[in-house]
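One structure below.
Bear in mind that the values in this text are calculations on the coordinates, not laboratory data. A quick note: this is a predicted structure, and the numbers were derived from the prediction, not measured. Every residue, glycine as well, gets a Cβ built from its backbone with ideal geometry; the counts of neighbours run over all protein chains shown.
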Amino acid sequence: MENKSHAFWAGLFTIVLLAAIAVTAFLFNVDRAVRVPYDLIARTNVTGLFADAAVRFRGLDVGKVQSIKFDPSHPGQILVRILVDMHAPITHSTFGSLGLQGVTGIAFIQLDDTGRDPRPLASSIHQVAQLPMRPGLLDQLQLRGDILLRKLERVTDDVNNVLSPEMVAELHGTLASMHEAADGIARLTQQMTPAAGKLPGTIDQLDRTLASTNQLVTSLSRPNGPLETNLNKVGAAAQQAGNALTAMNGSLQDLTTRLGYDTLPRVNSLAEDARSAARSVDRAADTFSTSPRSVLFGAPREAPGPGESGFTWPAAGAAR
């Protein structure tokens, strides 16, 4: 009986422990996040996408894929029902695209927003909002595959044209010209070798010349050097010339003063005397032209006027 009692309690403890582990695992793994449903409208392939795939908004996990099915009202259109965290910033300008996880080929939903319409997009179980699903990278490559192939064909044609016999001949000619130019440079280098050997002697001579020039400049810049002495002599001569010019300027001022106050008044008096003499000569010439005998007998006396002695009234007949 005692062995059976121990076995019973051991079995009961094991069952309770297993139940506690199961409840703990359930509580830790249960998803308590509140999610809102949205429908993605896909008109392209959704290869690699499956239910419970991750839904990310700019790289952050915000939900999962609930179901993937065809749209019965629009043949060829796929409805991807996703459950997104209610706190995710889903707006009227949010869109989805298909992303791939590395090289595994497993796809997920990548949500993004253009920012054109920042109004929040409301959704519920009874009225599920729809979001557009844009082509992913692989879809864009498939859509542009023909264009890329045509461009690749043109590039191939261009390469074939470059590698044509004519272009190959021109490339050979260019390489030959470059080889000749390299040979010319080698010959020039050989010709310049003697000149390069003389270059150290030339540099030494240039150093000696520079040293002599430096010595000459040093001697000229000394305070008692020939340059300073000659400059002092030139300065003294210039000062003497300045003193001479100053004395000459004083003499000219004295001469101007004498001309203004002494010589010019005398010249004016002489001119006045000359004018008086000219008037006297004028009167004498008039008298001589009127009465030439006045030169011998003198000028005739003028008739006495009224009131003077010897005045007589003229006769009446003469007056008439």
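How do 236-242, 94-100 rank on mean C-beta neighbours within 10 Å, highest first?
Details: 236-242: 10.0, 94-100: 20.1.
Ranking the peptides 236-242, 94-100 by packing returns 94-100, 236-242.
Karplus couplings for region 266-280 from phi (6.51 cos²θ - 1.76 cosθ + 1.60, θ = phi - 60°), rounded to Hz, Gly and Pro as x?
5, 4, 5, 5, 5, 5, 5, 4, 5, 5, 5, 4, 5, 5, 5
If you restrict to DSSP beta bridges whose two residues both lie in region 30-135, what percentage is antiparallel, to the nearest 5?
75
Report, by chain and number, residues whose modeled amide H sits under 5 Å from the one on V62, excluding near sequence neighbours (fewer than 5 apart, same chain).
Close amide H contacts, sequence-distant or interchain: V55, R56, F57.
Using the Cα gyration tensor of region 30-135, with a ≥ b ≥ c the square roots of its eigenvalues, what is the shape: rounded (a/c below 1.5), prolate (a/b larger than b/c) or oblate (neither)? Don't skip to the end; give the middle numbers.
On the way: a/c = 1.29, a/b = 1.13, b/c = 1.14.
Rounded, because the longest to shortest axis ratio a/c is under 1.5.
Could I get the Rg over Rh figure for region 144-195? Both from C-alpha atoms, Rh via Kirkwood, rounded to two places. Intermediate values should be presented prior to the final figure.
Numbers: Rg = 20.7 Å, Rh = 14.3 Å.
Rg divided by Rh gives 1.45.
Within 10 Å of each residue's Cβ, count the other Cβ atoms and sort I78, I21 from fewest upward. The partial results should precede the final answer.
Details: I78 18, I21 10.
The order, fewest Cβ neighbours first, is I21, I78.
Each label point is 7 Å from the Cα along the Cα-to-Cβ direction; what then is the distance between the points at L149 and T257, in nm?
The modelled label-to-label distance comes out at 11.9 nm.
By how many nm would the segment from I203 to A19 grow when fully extended, if each residue of separation counts as 0.36 nm and the alpha-carbon distance is taken off?
Details: separation 184, 0.36 × 184 = 66.24 nm, distance 10.08 nm.
Net length gain for the segment: 56.2 nm.
7 Å from Cα along Cα→Cβ at both F70 and E272: what's the point-to-point distance in nm?
Rounded to a tenth, the inter-label distance reads 14.5 nm.
Determine the sum of side-chain charges near S177: Lys and Arg each +1, Asp and Glu each -1, restricted to other residues whose C-beta is under 12 angstrom from that of S177. Intermediate values should be presented prior to the final figure.
Numbers: positive: none; negative: E170, E180, D183.
Summing Lys and Arg as +1 and Asp and Glu as -1 gives -3.
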